[in-house]
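Trainee: Below: one structure in structure tokens.
Since every read-out is calculated from the coordinates, none of them should be taken as a lab result. These figures come from a predicted structure and were not determined experimentally. Note: ideal-geometry Cβ built from the backbone for every residue, glycine included; neighbour counts use all protein chains shown.
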Amino acid sequence: MIFSDKCKGFTLIELMAVVVIMGALAAVAIPKVFGQIAKARASELYSAAGTYIHLQDSYNIQYHDSIGTWVSIGYKPPVSNSFKYFEDNTEGGIKSATAIFIDDGETAAWKAQNISDLNDCDARSSWQLDVSKSTNSAYNIVYKVVISDPRCEALTKKFDALDTYNKITATP
């Protein structure tokens, strides 16, 4: 074998510089990735609650002054590894097809609770839709969004768009 005086390859300093640069990039990128994963998991809430609202509004057009149970309106919560869904504090929903009259104030008609921590949002935090009779003649019922932990609002910014109660009762 013949060896030349010129060695080919990287010096130890060059390799260390690459490792430091890769470490800095990873330190920035990894938290961003985990944040996006949590937002992706929480995005199912808006869709699930929106489906519930559409079905409930259709039911309410036919049966004024009442809302239907999940069975009555044909709502099935999504199968989820991230959230548990509740109807009137009953996990998985009330199993009978009955009407709930809404003359008596608010009813906790739809609720989701996260199973594990999502970023700063602690496990067992909840997103809820309270349903009540509207005082405005244009609507029969209104939905009020209640998020148990303010730190969870950052994950579900669109969820507040479902709140018709505060839109109608707000004074200009």
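Trainee: How high is the FRET efficiency from residue 124 to residue 18, r the C-beta distance, R0 41 Å, rounded to 0.05?
Mentor: Efficiency at R0 = 41 Å is approximately 0.40.
Trainee: So, one more: So what is Rg over Rh here for the stretch 86-144, counting just Cα atoms and using Kirkwood for Rh?
Mentor: A ratio of 1.08.
Trainee: Sticking with this one: Mind listing the long-range amide H neighbours of residue 141? Cut-off is under 5 Å, sequence gap 5 or more, other chains count too, H placed in the peptide plane at 1.01 Å from N.
Mentor: Sorted by chain and number, the residues that satisfy this are 134.
Trainee: Could you calculate, for the chain, the ratio of the Cα radius of gyration to the Kirkwood radius, expressed as Rg to Rh?
Mentor: A ratio of 1.33.
Trainee: Which three extents, in angstrom, do the Cα atoms of the stretch 44-121 have along their principal axes, listed largest first?
Mentor: For the stretch 44-121, the Cα extents along the three principal axes come out at 41, 22, 20 Å.
Trainee: Going through the stretch 102-155, which trypsin sites (Lys or Arg not before Pro) have at most 14 other Cβ atoms within 10 Å and a DSSP loop state?
Mentor: Sites meeting the loop and neighbour criteria: 124.
Trainee: Distance check, please: which entries in 76/157; 111/133; 111/144; 95/133; 133/158 exceed 21 angstrom between their Cα atoms?
Mentor: 76/157; 95/133; 133/158
Trainee: Counting only C-alpha contacts under 8 Å and six or more residues apart, can you give the relative contact order of the chain as a whole percent?
Mentor: 17
Trainee: Then there's this: Each residue of the stretch 147-159 in turn: what ³J(HN,Hα) in whole Hz from Karplus with 6.51, -1.76, 1.60 and θ = phi - 60°, glycine and Pro shown as x?
Mentor: Result, rounded to whole Hz: 10, 5, 10, x, 5, 7, 4, 5, 6, 10, 4, 6, 4.
Trainee: Now, a different point. Give me the distance in nm between label points sitting 7 Å out from Cα along the Cα-to-Cβ direction at residue 39 and residue 84, one decimal.
Mentor: That separation, rounded to one decimal, is 2.9 nm.
Trainee: Ordered by residue, what ³J(HN,Hα) values in Hz, to whole numbers, does the stretch 80-96 give under the Karplus form 6.51 cos²θ - 1.76 cosθ + 1.60, where θ = phi - 60° and Gly and Pro are x?
Mentor: 9, 9, 10, 9, 10, 10, 10, 10, 6, 6, 10, 5, x, x, 6, 7, 9
Trainee: Sticking with this structure for a sec: With each label point set 7 Å from Cα along the Cα-Cβ vector, what nm distance links residue 30 and residue 76?
Mentor: 4.0
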